[in-house]
Amino acid sequence: MPWPLLMPRKIPIKVDISLLLVVIIGLGLSLTAFFYVKQWEQDTALDEQKKQVNEHMRVLRQTFTTYGNILKSIRGLHHVHPPLTRQNFTQFIQGDLLTQPGIQAWSYVNVVPASKRQTIESSIRSEGFSEFHLWEYSSHFDRWTAGEREIYYPILFTEPLESNINLLGYDVGSNNILRIALENARDLGQMTTSGAVEVQTLRGKLMGIYVFIPVYQTNAIPATLTERRRDLIGFSVGIFLLDELVKTVLRLPKIRTEIFLVIFDDTIEAKIKELYVPNWYRGFIRKQSVSLWWGSLDFGGRQWRIVLYKTKEAALFHTWYAWTVLSIGLIFTLGLLRYLYIILTRAHWAEELVGKRTQNLYDTNLALNQEMTAREQMTQALKASQQRFQAIFNEAAIGIAQTNLEDKILDSNRVLQSLLRYRETELNEKLLKDFVHPEDIKSDQFMLQKMLAGKYDTYQVSKRYICKSGAIVWTNQSCSIVRDTSHPFIINMIEDITERKFAEEARLEAENKYRDIFENAIEGIFQCTPTGRYLSVNPAFVRMFGYESAEQIYTEMTDIGQQLYVNPQRRLEFIALLEKHSNVQDFEYQARCRNGRIIWVNETVRVVRDTSEQIRYYEGIIENVTERKQTEEKLRHDATHDQLTGLCNRAAFTKRLTKALSEFSIAKLSESKINLKLKLEDQNQIKIPYAVLFIDLDRFKIVNDSMGHLVGDKLLTETAHRLARQAHENDIVARFGGDEFALMLENQADLASLEQRVEKIQEQLNQPYTLGDETFNTTASIGIALSDSKYSSAEEILRDADTAMYEAKKQGRGKSIIFQEGMHTNVVNMLRMERDLRIALEQQEFCLYYQPIISLETDKTVALEALVRWIHPEQGMIRPDLFIPLAEETGLIKELGLWVFETACFQLRQWQIQFPHHAELGMNINMSPIQFKQPHLINLIQDIIEKSGIKGSTCRVEITENAMMQDPEAALTILNELKNLELLLYIDDFGTGYSSLSYLQRYPIDALKIDRSFIKDIDTSGKSAQIADAIIALGEAFGLRIVAEGVENEQQAAILKLAHCHQVQGYFFSRPQDAKTLDEYLSIERHFL
């Protein structure tokens, strides 16, 4: 009977409830598993993308570190070979540095103040860049000449030059973005990256960045901000194109993908935020994109953000596992439902059948157990075999893929998964050729067909695979077929040979590069045998020695030592050095070209040996250094000769004089002691081994200042020619500098002969000089020092000759004087006084004495003349006529004069306050001609007047006529400025100097002081009285006050009063007194005659 007929016709209520609970629980568990697995798939996919972004960030950091190290190396190049030159920069950059990913240019930026701009531009133009100038971009990105600014930051060196020559001269500081970056690099002392800017390339304007590393004067980075700004001399700079950098370093796919990267600049001041976006990331796609995850990256002080996006319609992950779990859950629930339904409905029917089938089940179960035992044994054996195969499969050192005959991947090991960057689940059921580079897909099609046809069982092929990241991997692939009768498959052994491939390409590239260097180098490169024949030479070598080809050298040059070397002995020295050291650097010698021309060359050579240490050949580099040798020779000449006149300089003269002194000392040792005690009256007959003449042109400074340095140089050149014509064969003529010359006359017969030579020299130098359209007459003062055993050095002889020359100037110029011992003492005393004078200023050894000036109209003291005195701690009081000229000669008069001015003004103010009846008392202060040339003199005097509180009209400045005549125009300017301060101007010692009515009319003079030389005989000499009357009348005619100096008796005062002289001063009224003593004098209002 069929089993449905035995089922109950109505299902009990309990059964319905049980089935409903099963459905609810099954659906709940299925949905829970579905959402859990879906979340797991999403987290796994997102983690994978995060790993990829982190990998990109790691690669970028490593790349940026490499860039920083390269830029630091360029900075170090400046300190290793200062100063940095274009040749050193170019040699350093050549090679792999030019192939760095994303690099547009390696450059060097110099700090150029505005004052050195023209010098820099001229220097670069002299290197062959004739159109070089500092430039900047306009607002429309046009090039124009850089505007005026205090500091420029131009690019002076850049590589590769061919594609970046348009960057030379570009003032990086003219771009606000780049200027901010380089100033940060300067202040922080570290690598700094700019914001994104447009970079002009051969392909047009592309987005890029500048990376700066500051270069300071010292290798160590200065500690403070002030030092870093002060010591900055330039920057090493890298210019990178952002798109090229990202594409070459990260190897992102070039085609559109649903998940992609965008790089932003999150630095606050960044003007361009998007640094890199895919080319297709525009318009609609940008609006439809969703950010998945981002990471930050610091590069040179800038914050970059790398964001992972996906398009909205794209799925980040596939929910295959989740739907599979849900499907299984639903199927299981339905199966369970049906199963329970059948069980519950068939329970009654089953009970009836149990008995009948129990025996059948027992029999079947017994047979089944026997079969299961056999199958279990087979399963264990198969499992062991599979474990061994899987162990080999997974632990193999190369990638393995098991594919069917249609190329579908059945299994893959971990090495292959790591190689292609895919998980096992992503590889399974995919075609292996889907991961092959498009150009290599058909590379083994023919061999595969032959293997499938049974022609052979294995073959090998080289292929490129594309990783999940887009990177390309080079492989060697060995394919073998397993011809199983039921399921044949192919084992693909895939070995990664990328590094080997790149190494091979690098080797080939190095060989080509070496060949290029060999063929195109400007230095000669060669190989030669120890016997003196060349094995190979490059074109530069052929050109250097004037041959037509390398073959011609091989044929004609059979003995290098005899044919090439001008001095064959140098070849032997060279070979000896090579045998001893195995390499020789910078070996220089003269070489003979094919046409007979002689050149200087520099060789650097090393020995190449075989495995048995025997010499195979020599190889090296040779350079033509003829021009350098000529330059060195010129430098040696310039080091010992004066550039203007061509005469020997001081160093050469001193060297020659030292030699003469040495020869004289040796000769003296051989003479007898009797000859050393010759009488003075016989000295005219003594032979003079040598005499040193120190010559100084008289009044040369006047010619040089009035006519200009060009005329002065011509005068010096003509003087040198005249002296050279007077020199004999063994004499030496030199110029020491300025208008100082020196002669050494050797082997003079006697003193009379020497004097004749000196007279001829004086006669020649006294002849008129015709320079252009002008004729000048000048003389020379000559100091002579004779050979003497007392001299131990050339400097001592020159010192005495110089001393004699100054003595000659004192005697009236145009003289010649032979040095005597007393002269040196005078010079020493003068030097000691100069030293003491400097100390006196520091130790306040000066004081002021004051001499009253009396009005003959009121008998009142109307003014005081301030007179400086020096109280020497050892010599006592020193007269002004002894130290004032020395102070003027050394320039100390400027400091001393200001001290006198300040002290006198403050003392005057004190007396005006102390003695009310002298509230309008004046102070006469002498001013040296040297002070007229003092910078900021007027400002200094104005400051003293204001601080002391005196009126300008109570301060009287006394100057001499000669002081005004040294530079009339400058003197007029200073006098007008003094008048603007309301000071009164007096002409001191009137009548003894350059007296002229014109300057009395032209200059703002207030009074004349009659010199004491006209006053001392006024009461006894009619002429003196007439001169005094004439000066007083002259003063009245010009409206000037008249002051008479040196009044010593009552009769002189009376005569001057009758002549209407306004004021007088002299011993008759009061000697000069110190301030304390003068208090008693000033307490009296009137001093009657």
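Values quoted throughout were computed directly from the atomic coordinates according to the rules given, and no laboratory measurement underlies them. Given the structure is predicted, the values throughout are model-derived calculations rather than measurements. Ideal geometry is used to build each Cβ from the backbone, glycine not excepted, and the neighbour counts take in all protein chains shown.
Quick look at the values:
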| read-out | value |
| --- | --- |
| Within straight-line cross-link reach of Lys947, lysines at Cα separation under 29 Å, skipping those fewer than 8 residues along the same chain | Lys860, Lys894, Lys933, Lys979, Lys1009, Lys1076 |
| Residues Val290, Val1043, Val211, Val607 arranged by fewest to most Cβ contacts within 10 Å | Val290, Val607, Val211, Val1043 |
| Rg and Dmax of the chain, Cα atoms only, in Å | 53.2, 186 |
| Long-range amide H partners of Ser816 with built H, under 5 Å | Ile782 |
| Cβ-based exposure ranking for Trp320, Trp294, in which fewest neighbours within 10 Å come first | Trp320, Trp294 |
| Residue-count net charge about Leu771 - beta-carbon cut-off 10 Å; Lys, Arg +1, Asp, Glu -1 | -3 |
| Exposure proxy order (Cβ contacts within 10 Å, fewest to most) of Lys634, Lys430 | Lys634, Lys430 |
| Residues whose placed amide H lies under 5 Å from that of Asn538, excluding near-sequence neighbours | Ile525 |
| Shape category assigned to the stretch 840-1082 from the gyration tensor of Cα positions, a/c cut at 1.5 | rounded |
| C-alpha long axis of helix 626-640 to longest principal axis of the chain, angle in ° | 30 |
| Sparse-neighbourhood loop sites, chymotrypsin sites (Phe, Trp or Tyr not before Pro) in the stretch 959-1067 - DSSP loop, at most 15 other Cβ within 10 angstrom | Tyr994, Tyr1067 |
| The stretch 898-991: GluC sites (Glu not before Pro) in DSSP coil with no more than 16 other Cβ atoms inside 10 Å | Glu920, Glu982 |
| Estimated distance in nm for a label pair at Glu857 and Lys1057, the labels positioned 7 Å out from Cα along Cα-to-Cβ | 1.6 |
| Cut-off under 5 Å, modelled amide H: who pairs with Asp444 long-range | none |
| Inter-part distance where the stretch 430-505 and the stretch 225-280 are each reduced to a Cα centre, Å | 39 |
| Rounded to 5, percent antiparallel among DSSP beta bridges of the stretch 840-1082 | 40 |
| Chain lengthening between Leu831 and Ile398 when straightened (0.36 nm per residue, less Cα-Cα) | 146.5 nm |
| Per-residue ³J(HN,Hα) for the stretch 783-788, Karplus 6.51 cos²θ - 1.76 cosθ + 1.60, θ = phi - 60°, Hz, x for Gly and Pro | x, 10, 10, 8, 4, 7 |
| Label-point separation, Ser73 to Ser469 (7 Å along Cα→Cβ), nm | 2.3 |
| Mean ellipticity per residue at 222 nm, deg cm²/dmol - from DSSP H runs of n ≥ 4 across the chain, formula -39500 (n - 2.57) | -15000 deg cm²/dmol |
| Whole-Hz couplings from phi, Karplus 6.51/-1.76/1.60, listed for the stretch 832-848; x for Gly and Pro | 5, 5, 4, 4, 5, 5, 5, 5, 4, 5, 6, 8, 6, 8, 8, 9, 10 |
| Cα shape, the stretch 364-496, gyration tensor, a/c 1.5 rule | prolate |
| Under 27 Å from Lys629, Cα to Cα: lysines that are on another chain or at least 8 residues apart | Lys655 |
| Magnitude of the charge dipole, the stretch 521-632, Cβ model with Lys/Arg +1 and Asp/Glu -1, debye to 20 | 180 |
| Using θ = phi - 60° and Karplus 6.51 cos²θ - 1.76 cosθ + 1.60, couplings along the stretch 759-765 (whole Hz; Gly, Pro as x) | 5, 5, 5, 4, 4, 5, 6 |
| Sites Thr358 and Leu336, calculated FRET efficiency, Cβ-Cβ separation with R0 25 Å, nearest 0.05 | 0.45 |
